[in-house]
1. Please list, ordered by residue number, the strands (runs of 3 or more DSSP E) wholly in the range 14-103 having 2 or more residues that are surrounded by fewer than 16 Cβ atoms within 10 Å (Cβ to Cβ), touching a residue at least 40 places away in the same chain (Cβ under 8 Å) and in contact with a strand residue (DSSP E or B) (Cβ under 6 Å, 6 or more places away or on another chain).
2. Within the group 6, 116, which residue is in contact with a helix residue (DSSP H, G or I) (Cβ under 7 Å, 6 or more places away or on another chain) and either under 23 Å from residue 129 (Cα atoms) or assigned to a helix (DSSP H, G or I) (or both)?
């Protein structure tokens with residue numbers, strides 16, 4: 001039984017496919033041959049999936065790809081999976097250990113199908129990690145308010161604005177990537193739908209996508225609410241300042257009259 005590695009990476013906000021110099025062997029999504037039996041599937045939304053690519057070749061490829069990446073991440077997130085090739089009477093499937101079991105080395109269509117799911121998996125992992133960090137940053141602010149505290153004038157206000165801006169960027173990226181129920185490659189290759197669905201279930205893609213969108217919405221609503229509280233508190237303070245100034249003005253006028 002032959003076994004080889006698949007590595008999915010989320011490298012940046014976008015990859016410009018027009019400047020890919022490697023040998024292109026398939027399109028939509030783009031598949032390039034790095035050497036015999038070593039391939040990369042490249043997605044314009046910033047993900048790459050490597051099939052049977054050794055470490056030195058991976059470094060060389062990613063180095064050449066870097067100029068094509070818009071806003072590359074300092075620490076790209078990656079996920080590793082494995083394909084086992086063995087003769088079996090079964091259809092291609094995912095076993096109890098999460099290995100992808102195939103009858104032969106995957107053709108380009110099968111690479112595309114597998115890559116779509118693995119790219120979605122690594123992107124979801126990236127967003128899950130980031131939205132988790134957002135809640136970690138919001139928690140002390142909410143805890144302070146629950147104890148009767150107030151939002152700090154500068155520090156927490158700026159933090160909320162930064163988080164809000166970051167959330168808008170993240171939501172835009174989630175919308176651009178999109179989780180695909182039925183990619184175009186399946187329309188021409190319906191025989192690959194079984195493997196596609198098995199991988200979707202293995203990585204819980206649809207459930208995680210729904211959960212992520214709910215968490216993004218909750219985080220966004222929380223930031224908006226906290227900023228509203230901040231603005232309301234600020235308005236209330238201004239109202240009191242105006243009242244105090246009016247009282248002072250009336251008092252001064254009264255002294256002048258008498």
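Values in this text are rule-based calculations from the coordinates and carry no lab data. Bear in mind the structure is a predicted one, so any value in this text is a computation, not a measurement. Cβ coordinates were reconstructed from backbone atoms using ideal geometry, including for glycine residues, and neighbour counts include every protein chain displayed.
1. Filter on the range 14-103 gives 69-85.
2. 6
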